[in-house]
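What follows is a set of notes on a single structure, which appears directly below.
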Amino acid sequence: MSEEFPLQNLLPGRLRAGVIVYRGAAPRPGTSLRERIAAETSALRASGAGAPEPGFDLSRRLYRSFGVYPTKHRPSSEALWRRLRDRGDFPAVNPAVDLTNLLSLRYQVCYGLYDLDRLQPPLAIDVGREGEAYPGIRKDVLNMAGKIVVRDGRGAFGNPSADSLRASVSAASRDILQVLFFHPQDPRQQEIVAASTAAFDEFFVTTERRSLIA
């Protein structure tokens, strides 16, 4: 772990994490993220009720490997797709969050997005401890015991289903941590991390960008 990649994966045999750090991020002038989102979500809805290929099997398998039932606590990518399918709704929050949600739909992988200025090193991916919890974004306090968590010096702040209000990214956030939660057997890890950074570069200007698979 280094200053550039301030996140350690303590579950290397059970989970792989794509870790991307964006510094000085700001929306790129002259681009239309909303048009891209409208086009892709419209195509997904037109494809019918079936899940897009390759589907959400790998995320469900990741959850089951931790004893978490994906029908009770859905991976965020699948929950977002079901919301789009059933209600025709794609939430508009701010450009960084909206693009990350679009990538989650596109690749059927859970993403976490965090404001680095709100976090206290060291950061790690681990299993939630008994009694570990946090207030979610527009949600009640979420119990993290036994679940995959991202934790900093103050405690858990992220999970593949729902992130915390404390670490949430706002329109004013400039230093951003993006985490992709992969099943260790997912063959697309490098491909999706590269595509995610390319998409971010298309719609954002940054002073620095670094990525790895942890």
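The values are calculated or read from the model by the stated rules, or taken from the named source; none is laboratory data. What you see is a predicted model; the values in this text were computed from it and never measured. Here the Cβ is made from the backbone with ideal geometry for all residues, glycine too, and neighbour counts use every protein chain on show.
Every condition in (1) out of contact with any Cys (no Cβ under 8 Å at 6 or more places or on another chain); (2) in a helix (DSSP H, G or I) is met by Ser77 except one, and the failing one is (1).
In segment 132-144 there is at least one residue that is touching a Gly at 6+ places or on another chain (Cβ under 8 Å), assigned to a loop (DSSP other than H, G, I, E, B) and at negative phi. Just one of the listed residues (Ala194, Ala145, Ala167, Ala199) is surrounded by fewer than 20 Cβ atoms within 10 Å (Cβ to Cβ), among the small types (Gly, Ala, Ser) and in contact with a helix residue (DSSP H, G or I) (Cβ under 7 Å, 6 or more places away or on another chain), namely Ala199. Among the numbered conditions (1) modelled with pLDDT of 95 or more; (2) surrounded by fewer than 17 Cβ atoms within 10 Å (Cβ to Cβ), the only one that Ala49 does not meet is (1). Of all residues in segment 22-45, exactly one satisfies the criterion of being free of Cβ contacts under 8 Å to residues at least 24 places away in the same chain, part of a helix (DSSP H, G or I) and hydroxyl-bearing (Ser, Thr, Tyr), namely Ser42. Taking the criterion of being out of contact with any Ser or Thr (no Cβ under 7 Å at 6 or more places or on another chain), crowded, with 22+ Cβ neighbours inside 10 Å, small (Gly, Ala, Ser) and free of Cβ contacts under 8 Å to residues at least 60 places away in the same chain, no residue of segment 84-127 qualifies.
Right, Arg82: at pLDDT below 95 and part of a helix (DSSP H, G or I) or not? Yes; evaluated as a whole, the condition is true for this residue. Checked against the criterion of being assigned to a loop (DSSP other than H, G, I, E, B), under 17 Å from Asp98 (Cβ atoms) and touching a residue at least 12 places away in the same chain (Cβ under 8 Å), the candidates Ser161, Ser170, Ser196 yield just one match: Ser170.
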